[in-house]
Amino acid sequence: MFDSINELTELDENYIYIRQLLNFHIAITSRISEFEQINVIKVDALPVGRAIKLFETHAGNQSQNDHQRLTSIYHAIGGNTLVIEILAKNLRSSIKVNPEYRLEHLLANLQRKGLLQLDENHGIWTDYKKLKRTTPRDVVEAIYDLEELDNDEKKCLSLFALLPAVPVVSAQLTLLVPAFNNINSVLASLSYRGWLVPDADHQNKYRINQVVRDVLRHKLRQLWQETAVTVRSRLLKLVTFDIANNIVNLSKDDSEFFVGASVQISKDIEDRSIEQYELLQVISNYYRSNGRIDFAQKFALDAHVLADSLSDQHENDGKYTFFLGHSKGRLGQIGMLYFTRPPYVKSLRVV
């Protein structure tokens, strides 16, 4: 199952690798409406009645008037189930802080930001203009107002915006950012206020909603890009290999998480530097040690292209010539492994 593959270029680039997963049934969720190589099944939004029941599952029973308001919201956001869930959870969290808080107060906050203007014909919010259509991002951005956050909370969320949208253990964040002394209290605060989702089975494990992550990447763009450079340097110290090409001093779960973070950062950071080259080689090393030669080759090739470019830019600097030679050697080693896998060995024997 591949979730939220919403960039056509990403799907194009990785389709060849997906094809190599023989004897697998693969499902991809995406906002992409058409891709000629894959059978597309459209999943419609929940009917409005079931969407209201979903809201009440998370926020408790609502009055008939609130049902009318929820119906208007449902049509305004195109029936997006995730946003309905986020609205409900935000309402529930707000009621914990203020027992008098109601859906109408939440909508008033949204309306003051000019995002939802409910239809006068419903007799609701008659001082506003006709209902206009808006996007899920607009709704979520209105709910998650960064102005209410302090610097530590923004710093913490920039990490979640940077990392893959998977459950994260607080100890892993501590390894990434050792100077973040109060990380546990910040995580608890963000979880309580609905920014993060706590894991039901693990006390110090959190994940971020994919939509919220996208919003944070938009709103905190400069901060998470700066954080990415810092985290990249840290990852190069954390993910190290012994002479047998095995990661040292990290558990299997931590290894998978930090390599996943490295892959994400390698896509997000646009600078062309030696650190970026080293990160690509780390990723290639990991996949090579796990027998995933296709991916090892891909990242080794990316590293080689970068080394070649850096060598051209610094033709009189022997350091860059060394890295270019190093990348050629690594590609050669992986190439030998690639062509000695069983399918190729069998072909050679037949010949």
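Taking 0.36 nm per residue of separation and subtracting the Cα-Cα distance, what length does fully extending MET1 through VAL40 add?
12.6 nm
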Can you flag which of LYS154/LYS219; LYS42/LYS89; LYS89/LYS267; LYS155/LYS219; LYS53/LYS154 are past 22 Å Cα-Cα? LYS42/LYS89; LYS89/LYS267; LYS53/LYS154
Using 0.36 nm times the number of residues separating ASN65 and VAL229, minus their current alpha carbon distance, what extension gain do you get? 54.1 nm
With a ≥ b ≥ c from the Cα gyration tensor eigenvalues, square-rooted, and the rule rounded for a/c under 1.5, otherwise prolate when a/b > b/c and oblate otherwise, segment 225-313 is oblate
Convex hull per residue volume in Å³, alpha carbons only, for segment 1-94: 131
Give me the Kirkwood hydrodynamic radius of segment 152-338 in Å, from all C-alpha pairs, to one decimal place? 17.6
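Laboratory data are not the source of any read-out in this text; all were calculated from the coordinates shown. All of these numbers come straight from a predicted model, not from anything done at the bench.
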